[in-house]
Amino acid sequence: QSGMFSYDFRTAVGNDLLGAFLPTGQSFPTGVIQRKRNTQSNYPIPWSAWGTNIAPLINAKPSAKLTLTNSYNSSARTISCTVNTDILKDVSSSLSLSVLYTEDSIVKPQKDGTAIIPDYVHRHVLRGSLNGSWGEAIGSSFTSGQSLDKTYTGAPIPADAVPEHISVVAILYNTTTNEVIQVAEKKLIE
């Protein structure tokens, strides 16, 4: 792209996740809820069905709690995050932990139908990962009361990223099905 739309929000991590969860040619708006397959055995849920799919999750008892402790090395421009995973219910499946980071308040043009908003504020833009597209397998069976700490340090953040606008997002998920068990988000600099 060129001109006012020369900024490219794509990342290798985002491309991997998009390829895994949304088929080529998928229409938008659509979404993936908890990485759970829909009735057609694929992931996309049309926006009109988001409420129906989210409602049963609101009062569900969690299987785990994630607590994030972030730090930022300003000279190296690297993020470190310690993720404390507290298991709240027995889990007999293999779990993985993925640690990503997003950036808010990126002001770039956005097309809205035929109108162009030159100073659109983009939020929750995926910028990268501290431990790869799929994270790390952390074990195959867990008992209620078990606790696990893992620390990850990523490559330097992009040169144009604003550390004060970055949040770290940890995703605990079933390694076999990709279904999300728990998510936590915390600002990098508070």
Loop-located trypsin sites (Lys or Arg not before Pro) in the range 100-190 whose Cβ has at most 16 other Cβ within 10 Å (DSSP): Arg123
Heavy-atom accessible surface of the chain: percent carbon and sulfur, 1.4 Å: 52 percent
Among (i) 17.9, 55; (ii) 15.8, 46; (iii) 16.5, 52, the entry that matches Rg and Dmax of the Cα atoms in Å as calculated here: (i)
Inter-site label distance for Ser147 and Lys186 at 7 Å from Cα along Cβ, in nm: 1.3 nm
22 Å Cα-Cα reach of Lys65 towards lysines, excluding residues that sit fewer than 8 places from it in its own chain: Lys36, Lys89, Lys150, Lys186, Lys187
Candidates Asn73, Asn84, Asn178, ranked by Gaussian network fluctuation over the chain, Cα under 10 Å, top entry: Asn73
Estimated FRET transfer efficiency when R0 is 45 angstrom, pair Ala137-Ile116 (beta carbons, to 0.05): 0.50
Sites excluded, chymotrypsin sites (Phe, Trp or Tyr not before Pro) in DSSP loops with at most 12 other C-beta within 10 Å, longest stretch of the chain: 10-190
Residue of Ile117, Ile166, Ile157 that the Gaussian network model of the chain assigns the largest fluctuation, springs spanning Cα pairs under 10 Å: Ile117
Segment Thr82-Glu164, extension gain: residue separation times 0.36 nm, minus the distance between their alpha carbons: 27.7 nm
Estimated inter-spin distance, Met4 and Ile33, nm [label 7 Å along Cα→Cβ]: 3.6 nm
Solvent-accessible area per residue, Å², over the range 34-164 with all protein chains present [probe radius 1.4 Å]: 56 Å²
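The values are calculated or read from the model by the stated rules, or taken from the named source; none is laboratory data. What you see is a predicted model, and the numbers here were worked out from it, not measured in a lab. Reconstructed Cβ throughout: ideal geometry from the backbone, glycine too, with neighbour counts over all protein chains shown. We work out accessible area using only protein heavy atoms, side chains counted, and drop any ligands, DNA or RNA first. Shrake-Rupley method; radii C 1.70, N 1.55, O 1.52, S 1.80 Å.
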